[in-house]
1. Testing Ile445 on (1) closer than 30 Å to Glu303 by Cβ; (2) out of contact with any Leu (no Cβ under 8 Å at 6 or more places or on another chain); (3) part of a helix (DSSP H, G or I), one condition comes back false. Which one is that?
2. Kindly indicate which of Val167, Val220 is on the phi < 0 side of the Ramachandran plot, in contact with a Ser or Thr (Cβ under 6 Å, 6 or more places away or on another chain) and modelled with pLDDT under 75.
3. Looking at the range 59-88, which of its residues are open to solvent by 30 Å² or more (accessible area, probe 1.4 Å) and at pLDDT below 65?
4. So which residues in the range 306-327 are more than 18 Å from Thr215 (Cβ to Cβ) and in a helix (DSSP H, G or I), if there are any at all?
5. Based on this model, can you work out whether Glu292 counts as outside any helix (DSSP H, G or I) and either open to solvent by less than 30 Å² (accessible area, probe 1.4 Å) or outside the structural domain of Thr372 (by the TED database) (or both)?
6. Criterion first (in the same structural domain as Phe456 (by the TED database) and surrounded by fewer than 20 Cβ atoms within 10 Å (Cβ to Cβ)) does Leu298 satisfy it?
7. Where in the range 328-381 are there helices (runs of 4 or more DSSP H), lying fully within it, with 2 or more residues that are surrounded by 21 or more Cβ atoms within 10 Å (Cβ to Cβ)?
8. Those residues that are of a type in the set (A, V, I, L, M, F, W, C) and surrounded by fewer than 21 Cβ atoms within 10 Å (Cβ to Cβ), I need them from the range 301-327; list them, please.
Amino acid sequence: MNPCLHDPTGNYGGGVQSYFLFLRFLVLLNFFSFLLIAGFVIIPSIVFRSVGTSLFNSTGNDISKLHFGFMEYSYMFYGYYNNTMVADMNFSYNIPLAYLLTAAFYFAFCLISIIIRSVKSLSVAVATGGSTVGNYSMIVFTGWDYGCLGDQATKLKQKNMLYRLQVDLEEESRKKQAAALSLSQKVVLYSLRIFMGLVAFGLIIGAFYGIFEATNFSQVSLSRCWIEGLFFEYLPSIVITIGNFVVPLLCDQIALYIAIICLSRAVFLRLVSLGALLFTLWGQITCEGDTESPPCKLCQYNEVYPCWETRVGQEMYKLTLFDLLISITLLIFVEFPRRMVVDNWSCKLAQWLGRQEFVVPSNVLGLVYGQTVVWMGALFCPLLPLINTIKFVILFYCKKVTLFHNCRPAVRTFRSTTSTIYFLVVLLFGWGLATVVMIYSLAEIRPSMGCGPFRFFPNMWSVVPTSFYSLSKTTQEFLFFIGSQAFSIPLFVLSCVVMCYFIALASVYGRNVALLKAQLKLVSCLH
């Protein structure tokens, strides 16, 4: 994909390039995650013939069976995996334990990948000194690529450098405007921000309530005819997508000049919409937490959902699929016709409308939302990382087409280094939310008794102590030693020593950088 990233950088700046680099990172992250899941769960399940044929592997409604069909009874969803434990003289494999540990390592792998990429992006930001002056020096003295050959490559590089200088100038202009505000102007500005925040909070609460009602209504309306039932099957996904599109648009219209506030509200809305869906599903599966109520008394979960894990996986699958369909639909039926109208009609309305902007933050937040959906559903739909890999590859080329043919550069520029760090922080927040969901599912909710690899355990985590006590005595003693104070205290002390060393090293480097900057200022003053 590297050759595909040169043109966006030259024509639309580093901010757009950061979007495509971020998208490529997510493609690789999902692909390697799928390899991890396939290697330890899917392939062993196939080899050991661990798939059961129990008829209890059902989400409980005919519309789901009609829509998902063979996929529900495949390796796509949680309920199709069995609790096989293969034991031989020289080999043993525990599918339930592998399923749980693979999910844990999957989340750990994603966390490590995000941290490594964040550190690389942060090092680039620190190299500029955190100021436009340092960035200007890098552009002037080290920005040119002397390997550029040909007029096209040279022009693209020139446009890229021009865009980076434009970002610095706009940032300095905004700082000067903020510093020039009087006390009364600051009071008015902060009052407007508080008012806009309250309005946006009301819109978010309304979206939360709409998702809650749509999810409840869809669950009680699935028994209708198959066309209406299919619509109600996708009703929560439709409401969430509309809310993610309409509410940020309204917030942007009422606060065009407070971009970072709007961006934070958009992040909050997308993650809250997922939280609303999961909260509603949790209430239906666990009878609002009251396991003594009649529907939940027998199984400790709602008997309407004989395989509730598959039901949650289906909801996450539908969100992923619907998000891709909406992106393609907007490209074909909105973005392309708008460009045709603007380019071929000379009326004032068409010229006022203009080509749409490729707004980097909103597009990146769409990626973060899609990845968070995958993290939340990977435990219940093991093939979801593979589906998301295919989705992001399709989205990469769709966005590239719409960027060059339908879009114009955004009015507000974005610094690629700082925006990349912010997007990774938002992605890390989505990872944390999905981790909370996974831990709660593992430790608190009773697994389905008629499907899945944990059908005979009181909770999913119970497979770990059960498997631990089945190990040999030597292995148990070794693991007990690793968890004991005799091992953990020296490890903690060693970690503190290493951390202090790196902190001292960073402090020395910081003082050297400050000294060099002071010398540069002195030399410039002398000349």
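The values are calculated or read from the model by the stated rules, or taken from the named source; none is laboratory data. Given the structure is predicted, the values throughout are model-derived calculations rather than measurements. All Cβ positions, glycine included, derive from the backbone under ideal geometry; neighbour counts span all protein chains shown. In case anyone asks, the SASA skips ligands and DNA or RNA and just uses the protein heavy atoms, side chains included. Shrake-Rupley method; radii C 1.70, N 1.55, O 1.52, S 1.80 Å.
1. Of the numbered conditions (1) closer than 30 Å to Glu303 by Cβ; (2) out of contact with any Leu (no Cβ under 8 Å at 6 or more places or on another chain); (3) part of a helix (DSSP H, G or I), the odd one out for Ile445 is (3).
2. Numbers: Val220 fails: in contact with a Ser or Thr (Cβ under 6 Å, 6 or more places away or on another chain).
From the options Val167, Val220, the qualifying one is Val167.
3. Across the range 59-88, the qualifying residues are Gly60, Asp62, Lys65, Leu66, His67, Phe70, Met71.
4. Leu324, Leu325, Ile326, Ser327
5. On the way: outside any helix (DSSP H, G or I): yes; either open to solvent by less than 30 Å² (accessible area, probe 1.4 Å) or outside the structural domain of Thr372 (by the TED database) (or both): yes.
So Glu292 fits the description; yes.
6. Values: in the same structural domain as Phe456 (by the TED database): no; surrounded by fewer than 20 Cβ atoms within 10 Å (Cβ to Cβ): yes.
It is false that Leu298 is in the same structural domain as Phe456 (by the TED database) and surrounded by fewer than 20 Cβ atoms within 10 Å (Cβ to Cβ).
7. Numbers: elements: 336-344, 348-353, 360-377.
Those helices (runs of 4 or more DSSP H) span 360-377.
8. Pass one, the range 301-327, residues of a type in the set (A, V, I, L, M, F, W, C): 304, 307-308, 312, 316, 319, 321-322, 324-326.
Passing the criteria: Val304, Leu321, Phe322, Leu324, Leu325, Ile326.
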